[in-house]
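Colleague: If you scroll down you'll find the structure; I have some questions about it.
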There are 2 protein chains.
Amino acid sequence: MPKFEKHIFICGNQRPPGNPRGSCDPEAQGRLQKLFKQKLSDRGLKGRVRANQSGCLDQCEHGPTVVVYPEAVWYGRVTLDDVEEIIDQHIVGGKQVERLQLADSCLNTATCEHRPAKG
Amino acid sequence: MPKFEKHIFICGNQRPPGNPRGSCDPEAQGRLQKLFKQKLSDRGLKGRVRANQSGCLDQCEHGPTVVVYPEAVWYGRVTLDDVEEIIDQHIVGGKQVERLQLADSCLNTATCEHRPAKG
């Protein structure tokens with residue numbers, strides 16, 4: 001069988017309340033991942049596209065964070081209301097959802113404008 | 001900043017003892033992921049390569065399972081003793097570790113010889 005055509009990782013990290021880096025899933029319910037999984041199944045994509053729970057993806061100031069491989073497209077501040085758009089436009093349609101996409105300048109940097117200053 | 005050059009996802013799933021699909025991390029200690037993280041840091045790769053905890057990657061009969069993106073290389077039955085070889089040969093050297101690699105025929109299928117029969 002082929003590999004997953006798309007593999008979506010959804011951060012489910014928690015930090016203590018008040019932590020400046022925040023939490024992607026403060027309720028620890030995995031609601032975002034479960035909704036991706038359900039909507040993929042509804043579209044008959046189970047086994048071809050996987051929505052995976054993940055640990056901290058380290059883009060916390062832009063969370064809840066989602067990354068889609070193999071194309072390495074990063075999304076930030078993803079809500080339950082965004083799931084169908086990501087699936088229909090990107091996963092099925094092949095066109096990234098630009099309004100949610102994280103700029104390369106915000107990835108893997110300590111100096112992004114969205115990161116709290118270390119002091 | 002650039003995206004991660006490599007993004008390694010290490011399954012940390014648990015199932016009840018005796019479940020035929022097994023558990024990738026029955027002790028729930030994340031030891032495999034932590035060792036990847038430490039060895040990457042030792043090699044100065046922090047920020048360029050990330051070792052991420054993940055939920056079930058659905059290749060359970062071949063667990064503990066690891067997948068490396070963006071190249072979508074899957075490894076099965078990975079032990080602590082394999083971590084340095086994967087990092088040095090594959091992540092740094094660019095050559096996949098064939099002895100651990102999962103065949104496409106074993107990925108995402110209900111009929112692989114390693115899957116327990118459903119009865």
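Colleague: Any idea of the accessible area per residue across the stretch B:2-99, 1.4 Å probe, to the nearest Å²?
Modeller: Accessible area per residue: 47 Å².
Colleague: Of A:39/B:37; A:95/B:46; A:3/B:39; A:37/A:95; A:37/B:46, which ones are farther than 29 Å apart at the Cα?
Modeller: A:39/B:37; A:95/B:46; A:37/B:46
Colleague: Measuring from centroid to centroid over Cα atoms, what is the spacing of the stretch A:4-34 and the stretch B:41-101 in Å?
Modeller: For the stretch A:4-34 versus the stretch B:41-101, the Cα centre distance is 22 Å.
Colleague: Which of the peptides A:102-110, A:47-55 is most tightly packed, and how do the rest follow, going by the mean number of other Cβ atoms within 10 Å of each residue? Could the numbers behind the result be given before it?
Modeller: Details: A:102-110: 15.1, A:47-55: 21.3.
Put in order of decreasing packing, that is A:47-55, A:102-110.
Colleague: OK, next. Per-residue Cβ counts within 10 Å, from other chains only, averaged over A:62-70: what number is that?
Modeller: Details: counts 0, 0, 0, 0, 0, 5, 1, 8, 4.
Across A:62-70, the average partner-chain Cβ count within 10 Å equals 2.
Colleague: In a shell of Cβ-Cβ distance under 13 Å around residue A:91, excluding residue A:91 itself, what net charge do Lys and Arg (+1) and Asp and Glu (-1) give? Kindly include the intermediate steps, with their values, before the conclusion.
Modeller: On the way: positive: A:6, A:37, A:39, A:43, A:46, A:48, A:50, A:95; negative: A:5, A:42, A:71, A:82, A:84, A:85, A:88.
Net charge around residue A:91: +1.
Colleague: While we're looking at this one, here's another question. Might you work out the accessible area of residue B:21 for me, using a 1.4 Å probe with all protein chains in place, and round it to the nearest 10 Å²?
Modeller: 60
Colleague: Follow-up question, since we're still on this one. Note down the net charge around residue A:27, summing +1 for each Lys or Arg and -1 for each Asp or Glu among other residues with Cβ under 15 Å from its Cβ. Display every interim value, and only then the final one.
Modeller: Details: positive: A:15, A:31, A:34; negative: A:25.
Net local charge, residue A:27 excluded: +2.
Colleague: Among DSSP beta bridges lying fully in chain A, give the percent that are antiparallel, nearest 5.
Modeller: Working: 8 of 14 bridges.
The antiparallel fraction comes to roughly 55 percent.
Colleague: Let me ask something else about it. Work out the mean other chain Cβ neighbour count within 10 Å for the residues of A:53-59 and drop it here as an integer.
Modeller: 5
Colleague: Calculate one ³J(HN,Hα) per residue across the stretch B:99-106 by plugging θ = phi - 60° into the Karplus curve 6.51 cos²θ - 1.76 cosθ + 1.60, and present them in order as whole Hz with x for glycine and proline.
Modeller: These are the phi-based 3J(HN,Hα) values: 5, 9, 6, 7, 5, 4, 5, 9 Hz.
Colleague: Determine the shielding of peptide A:33-45 by partner chains: average, over its residues, the number of Cβ atoms on other chains within 10 angstrom of each Cβ.
Modeller: Per residue, the average neighbour count from other chains is 0.
The values are calculated or read from the model by the stated rules, or taken from the named source; none is laboratory data. Just so it is clear, the model here is predicted, and its values are computed rather than measured. So basically every Cβ, Gly included, is an ideal-geometry build from the backbone, and we count neighbours across all protein chains shown. Keep in mind that these areas ignore ligands, DNA and RNA; they rest on the heavy atoms of the full protein, side chains included. Shrake-Rupley method; radii C 1.70, N 1.55, O 1.52, S 1.80 Å.
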